[in-house]
Amino acid sequence: MKKIGIFYGSTTGTTESVARIIAKKLGVSDENVHDASKLTKELVEGYEVLILGTSTWGDGEVQDDWYDALKILAGMNLTGKCVALFGCGDSESYSDTFCDGMGIIHDDLKATGCKFCGSIPVDGYTFDNSKAVIDGKFIGVAIDDVNEDGKTEERIDEWIKTLCINN
Ligand SMILES: Cc1cc2nc3c(=O)[nH]c(=O)nc-3n(C[C@H](O)[C@H](O)[C@H](O)COP(=O)(O)O)c2cc1C
């Protein structure tokens, strides 16, 4: 198994709890699960796989703790690293910006040389628009714990099957 670091940005705790569920399922220990506000270049360099999670706030904005963290990541050469994304949002109240934050992270990292993995079909979701959809698929797992918490576990399990964490 490759060395995996999980970073989350979470205002009310939902994305953090999803990060911890993912960590448990992948066997990632607590010391490798980090608040995005603690992200440093040195920390990132120690991982082969980065799992990055954000909730979406405002009108389709990334969670606050990602602003500085994204500046750091966007300035790095992430060639050879695999990046998987997860996002928390509310597809009913924010149907036009559902999980946009995940799309913003993806856009900001595009030029770093990293390889993305873990895109999933939009089937089973109801929303109007999302920056996290590229070529008809979510670029990571979209979680709606506000309206569909019963689907969270299964969505994570399906997404995990698509990750490039073993080779
Ligand atoms: C003021 C406000 C703005 C929000 N904006 C969005 C949004 O644009 N898109 C979206 O998908 N969810 C939006 N949400 C929903 C949150 O992303 C959702 O509640 C999420 O689970 C919060 O996760 P966190 O506790 O980890 O920050 C918003 C929620 C609030 C209260």
Which numbered condition trips up residue 35, out of (1) buried (at least 20 other Cβ atoms within 10 Å of the Cβ); (2) more than 8 Å from the ligand (Cβ to nearest atom)?
(1)
On the basis of being assigned to a helix (DSSP H, G or I) and within 16 Å of residue 57 (Cα to Cα), does residue 101 make the cut?
yes
Exclusive hit being within 15 Å of the chain's Cα centre (by Cα), more than 24 Å from residue 23 (Cα to Cα), open to solvent by 30 Å² or more (accessible area, probe 1.4 Å) and touching a residue at least 40 places away in the same chain (Cβ under 8 Å), set 92, 61
61
I'd like to know if segment 4-20 contains one or more residues that are more than 13 Å from the ligand (Cβ to nearest atom), open to solvent by 30 Å² or more (accessible area, probe 1.4 Å) and farther than 20 Å from residue 106 by Cβ.
no
Please enumerate the residues belonging to segment 1-25 that are basic (Lys, Arg), in contact (Cβ under 8 Å) with a residue 60 or more places away in the chain and either in contact with a strand residue (DSSP E or B) (Cβ under 6 Å, 6 or more places away or on another chain) or farther than 21 Å from residue 116 by Cα (or both).
2
I need the full set of residues from segment 24-39 which are basic (Lys, Arg) and over 21 Å from residue 99 (Cβ atoms), in order please.
24, 38
Of the residues 128, 107, only one is within 23 Å of residue 156 (Cα to Cα), at pLDDT 95 or above and in a helix (DSSP H, G or I); which?
107
Condition first: within 14 Å of the ligand (Cβ to nearest atom), in contact with a Gly (Cβ under 9 Å, 6 or more places away or on another chain), over 17 Å from residue 19 (Cβ atoms) and open to solvent by less than 10 Å² (accessible area, probe 1.4 Å). Can you find one or more residues in segment 139-146 that meet it?
no
Identify the single condition in (1) closer than 24 Å to residue 154 by Cα; (2) free of Cβ contacts under 8 Å to residues at least 24 places away in the same chain; (3) surrounded by fewer than 14 Cβ atoms within 10 Å (Cβ to Cβ) that residue 42 does not satisfy, given that it satisfies every other one.
(1)
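For the structure I just gave you, tell me whether residue 111 is small (Gly, Ala, Ser) and open to solvent by 80 Å² or more (accessible area, probe 1.4 Å).
yes
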Quick check on residue 165: is it modelled with pLDDT under 95 and either within 11 Å of the ligand (Cβ to nearest atom) or open to solvent by less than 20 Å² (accessible area, probe 1.4 Å) (or both)?
yes
For segment 40-69, how many residues are more than 16 Å from the ligand (Cβ to nearest atom) and either within 23 Å of residue 98 (Cα to Cα) or in contact with a strand residue (DSSP E or B) (Cβ under 6 Å, 6 or more places away or on another chain) (or both)?
4
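The values are calculated or read from the model by the stated rules, or taken from the named source; none is laboratory data. In this text, all values refer to a predicted model and were calculated from it rather than measured experimentally. Counting neighbours? That spans all protein chains shown, and the Cβs are built from the backbone with ideal geometry, glycine included. For accessibility, only protein heavy atoms count, side chains too; no ligands or nucleic acids. Shrake-Rupley method; radii C 1.70, N 1.55, O 1.52, S 1.80 Å.
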